[in-house]
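First the structure, in the form of C-alpha cells, and then the observations on it.
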Amino acid sequence: MLSAVNLISEAAELAARRHNGMARKGRANEPYINHLAEVANLLATATDGADAELVAAGWLHDVIEDTDTTRGEIAQRFSERVASLVVECTDDMSLPKAERRQKQIEDAPHKSPGAKLIKISDKISNIGARIHTDPTAEERDDLADYAGWAEQVVAGCRGGNAWLDEKFDDAVKAAKALL
C-alpha cells in the first residue's frame with residue numbers, strides 16, 4: 001500500500017495523464033484537471049486530510065467515465081476502496097442525459113458515505129464553474145438548470161460533512177444571485 005502522500009500524488013498524476021487535453025465545458029474553457037484538483041481539495045479540506053483514499057478517489061472520480069481506465073486498474077494501482085468510490089461516482093454514459101440525471105437523484109441516498117462526499121464536492125465545483133460575471137441568457141439558463149438538478153442530487157447526500165453541506169449551500173446561493 002502506498003503512503004498517504006504517495007497515494008494522492010499518484011492519483012493526481014494518473015488523473016492529469018488520462019484527462020490530458022480535455023477542457024471543462026463553459027466560457028472559461030479551462031483544463032479539466034482544474035475540476036479534479038478542486039474536488040480533491042474540497043475533500044482534503046472537509047476531512048482535515050485524514051482520508052487519503054477519499055482524496056485520491058476525488059482526483060480519479062471521472063477517470064472511468066471519461067477515459068479507457070478500468071476499475072481493475074484503479075484497484076491494482078491504488079486500492080479496492082478507491083476503485084469502489086470511483087465506480088460509485090461513475091455515470092453510465094450509454095444512457096441519455098436525462099436518464100443519467102434521474103439516476104443520480106435516485107441513487108444518491110444509497111451511496112456510501114465517501115461517494116456522497118465526492119458527489120457534493122463535484123456539484124460544488126461544477127456550480128462554481130458556471131458562475132460568471134455578466135452571464136448570457138444561455139449561461140443563466142444552464143446555471144439554473146444545473147443548480148436545480150444538483151440540489152436534488154445533494155439532498156440525498158447531505159449529513160456526512162457539515163462543512164461540505166454549507167459550501168454547497170453557498171454555491172447555490174451564489175448561483176441564484178445571478179438568476
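Bear in mind these aren't lab numbers, they're just calculated from the coordinates by the rules spelled out. As the structure is a prediction and not an experimental result, all values here were calculated from the model. Please note: Cβ atoms are built from the backbone with ideal geometry, for glycine as well, and neighbour counts cover all protein chains shown.
The Rg/Rh ratio for the chain, using Cα coordinates for both the radius of gyration and the Kirkwood hydrodynamic radius, is 0.95.
Using r as the Cβ-Cβ distance of Met93 and Asn20, and R0 as 22 Å, what FRET efficiency do you calculate, to the nearest 0.05? After rounding to 0.05, the efficiency reads 0.70.
Evaluated with a Cβ-only charge set (Lys, Arg +1; Asp, Glu -1), the chain carries a dipole of roughly 80 debye about its Cα centre, given to the nearest 20.
In order along the range 6-15, phi translates into HN-Hα couplings of 5, 4, 5, 4, 5, 5, 4, 5, 5, 4 Hz, rounded to whole numbers, per the Karplus curve 6.51 cos²θ - 1.76 cosθ + 1.60 with θ = phi - 60° and x for Gly and Pro.
Model label sites at Glu65 and Arg27, defined 7 Å from Cα along the beta-carbon direction, differ in position by 2.4 nm.
Taking amide H as placed 1.01 Å from N in the peptide plane, Ala23 has its amide H under 5 Å from the amide H of Tyr32, each at least 5 places away in sequence or on another chain.
Remark: for residue pairs Lys123/Lys173; Lys123/Lys167; Lys111/Lys173; Lys25/Lys116; Lys119/Lys167; Lys97/Lys176, the C-alpha separation exceeds 21 Å in Lys111/Lys173; Lys25/Lys116; Lys97/Lys176. As a proxy for reagent exposure, Trp149, Trp163, Trp59 were ordered by neighbouring Cβ count within 10 angstrom, fewest first; the result is Trp163, Trp149, Trp59. Summing +1 for each Lys or Arg and -1 for each Asp or Glu among the other residues whose beta-carbon sits under 13 angstrom from that of Gln102 gives -1.
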